[in-house]
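Shown next, in structure tokens, is the structure this report addresses.
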Amino acid sequence: MRVMARPATSASDTLTLCVSGIVNASLRERILELAPTFALAGSNYSAAGITGELYSFPVNNQPNEEIVIGRVRKDELKDMYSYYLVEKSKPGRSVYDLILSSAPNGICPLCGVGHAVTLDHFLPKAKFPIFSILPLNLIPACRDCNTGKLTAYAKTFGEQSLHPYFDHGKYIDDQWLFARVEQTVPASIRFFVAPPANWPDGDKERVLSHFMSLKLGERFSVLAAGELASINAMLKAYIVGIGPYAVREYLNACTMAELSLHKNSWKAAMFLALAGSNWFCQTGFQLE
Ligand SMILES: [Zn+2]
């Protein structure tokens, strides 16, 4: 997970932009009546995000055609996103573009590896339609992270995946992503979650939920396999002549470099595991 600054655009400004794109006078009027509700929903979301309580909002299981707030149907609230925020010809699109372009180096902040090409609703709009166009609920995401989540939502604190706008501090300062080297031919890497023992149980559960719900273990292993092929070739070509000591020195240097960039990147976990594996440093890197 990569942390991000919260979007600068407010719930009210986003609503105003989206409403200015609505041609149907009746819909425009009925949505505008919700302006105070949208503003309140935005501040409630912000407060809950800070305390890690986004899971506590009531789930909306009403049918699409039912009125859910004021005079507005559930599908109309959901469609605010598709028709007035995503749609390229509409004024609300500027908010979409602003959030998407804020992805750090264009990378998906949820997995830290994919290309951010869409926006993910942290609380899915099918279950929380009032947050369908709330900037704080919209996170740049890659295709894998976005389609993996679909309408899944957390029912407890621990089931929540990490939120790049709110979950800073220990989630990025402490290392919780690790890997082990499998003694296969060629060597392979398996990733796992091991938060510090002194973390509260709920926080431990959250990083595991994040890892599992986005299928990060499988995805990172695929990336590691590709990287290992390069590392093995490099080690064999340049370092094998001066022995295992040099192999470990190189891997330790890579570990330090990756940890200084991101504590919980797959590369940091992989290099740490490689440097700590006697089997890899002595023979593993030479097997193919
Ligand atoms: Zn991703």
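Listed here are the residues, each with its yes/no results for (1) within 16 Å of the ligand (Cβ to nearest atom); (2) more than 20 Å from PRO140 (Cβ to Cβ).
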| position | (1), (2) |
| --- | --- |
| PRO36 | no, yes |
| VAL68 | no, yes |
| LEU85 | no, no |
| VAL113 | yes, no |
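Condition check: modelled with pLDDT under 95, exposed (fewer than 15 other Cβ atoms within 10 Å of the Cβ) and over 24 Å from GLU159 (Cβ atoms). Does ILE242 satisfy that?
For ILE242, the condition - modelled with pLDDT under 95, exposed (fewer than 15 other Cβ atoms within 10 Å of the Cβ) and over 24 Å from GLU159 (Cβ atoms) - is met.
Consider ALA187 carefully, then state whether it is surrounded by 15 or more Cβ atoms within 10 Å (Cβ to Cβ) and either of a type outside the set (Asp, Glu) or touching a Lys or Arg at 6+ places or on another chain (Cβ under 7 Å) (or both).
Considered against the rule, which asks whether it is surrounded by 15 or more Cβ atoms within 10 Å (Cβ to Cβ) and either of a type outside the set (Asp, Glu) or touching a Lys or Arg at 6+ places or on another chain (Cβ under 7 Å) (or both), ALA187 comes out as yes.
Quick test of your reading of the structure: SER43 fulfils all but one of (1) closer than 16 Å to SER132 by Cβ; (2) free of Cβ contacts under 8 Å to residues at least 60 places away in the same chain. Name the failing condition by number.
Of the numbered conditions (1) closer than 16 Å to SER132 by Cβ; (2) free of Cβ contacts under 8 Å to residues at least 60 places away in the same chain, the odd one out for SER43 is (1).
Does the stretch 102-120 hold any residues that are under 17 Å from LEU162 (Cβ atoms) and touching a Cys at 6+ places or on another chain (Cβ under 6 Å), and which are they?
CYS108, LEU110, CYS111, GLY114, ALA116
Yes or no: the stretch 73-84 includes at least one residue that is farther than 15 Å from CYS18 by Cα and of a type in the set (S, T, N, Q).
No, the conditions are met nowhere in the stretch 73-84.
Among the numbered conditions (1) farther than 26 Å from VAL19 by Cβ; (2) modelled with pLDDT of 95 or more; (3) near the ligand (Cβ under 10 Å from one of its atoms); (4) not hydroxyl-bearing (Ser, Thr, Tyr), tell me where GLY158 comes up short.
It fails just one condition, (3).
Can you confirm whether the stretch 33-53 contains a residue that is touching a strand residue (DSSP E or B) at 6+ places or on another chain (Cβ under 9 Å), surrounded by 15 or more Cβ atoms within 10 Å (Cβ to Cβ) and either among the β-branched types (Val, Ile, Thr) or not assigned by TED's automatic domain parsing to the domain that holds LEU138 (or both)?
Keep residues of the stretch 33-53 that are touching a strand residue (DSSP E or B) at 6+ places or on another chain (Cβ under 9 Å), which gives 33-34, 37.
The next check asks that each one be surrounded by 15 or more Cβ atoms within 10 Å (Cβ to Cβ); those that pass are 34, 37.
Now narrow it down to the ones that are either among the β-branched types (Val, Ile, Thr) or not assigned by TED's automatic domain parsing to the domain that holds LEU138 (or both): 37.
Within the stretch 33-53, one or more residues are touching a strand residue (DSSP E or B) at 6+ places or on another chain (Cβ under 9 Å), surrounded by 15 or more Cβ atoms within 10 Å (Cβ to Cβ) and either among the β-branched types (Val, Ile, Thr) or not assigned by TED's automatic domain parsing to the domain that holds LEU138 (or both).
Of all residues in the stretch 70-109, which are surrounded by 19 or more Cβ atoms within 10 Å (Cβ to Cβ), over 17 Å from ASP13 (Cβ atoms) and β-branched (Val, Ile, Thr)?
Hit for the stretch 70-109 is VAL72, nothing else.
For the stretch 1-31, how many residues meet the condition of being part of a loop (DSSP other than H, G, I, E, B), β-branched (Val, Ile, Thr) and within 22 Å of LEU110 (Cβ to Cβ)?
2
Determine whether THR147 is among the hydroxyl-bearing types (Ser, Thr, Tyr) and in contact with a Gly (Cβ under 9 Å, 6 or more places away or on another chain).
Against the criterion (among the hydroxyl-bearing types (Ser, Thr, Tyr) and in contact with a Gly (Cβ under 9 Å, 6 or more places away or on another chain)), THR147 does not qualify.
Among the candidates ALA253, ALA237, single out the residue that is modelled with pLDDT of 95 or more, out of contact with any helix residue (DSSP H, G or I) (no Cβ under 7 Å at 6 or more places or on another chain), in the same structural domain as ILE189 (by TED's automatic domain parsing) and assigned to a helix (DSSP H, G or I). So that I can check it myself, show each step before the final result.
Details: ALA237 fails: modelled with pLDDT of 95 or more.
Selected residue: ALA253, the only one of ALA253, ALA237 that is modelled with pLDDT of 95 or more, out of contact with any helix residue (DSSP H, G or I) (no Cβ under 7 Å at 6 or more places or on another chain), in the same structural domain as ILE189 (by TED's automatic domain parsing) and assigned to a helix (DSSP H, G or I).
The values are calculated or read from the model by the stated rules, or taken from the named source; none is laboratory data. Source: prediction; values computed, not measured. Virtual Cβ from ideal backbone geometry, glycine too; neighbours counted across all protein chains shown.
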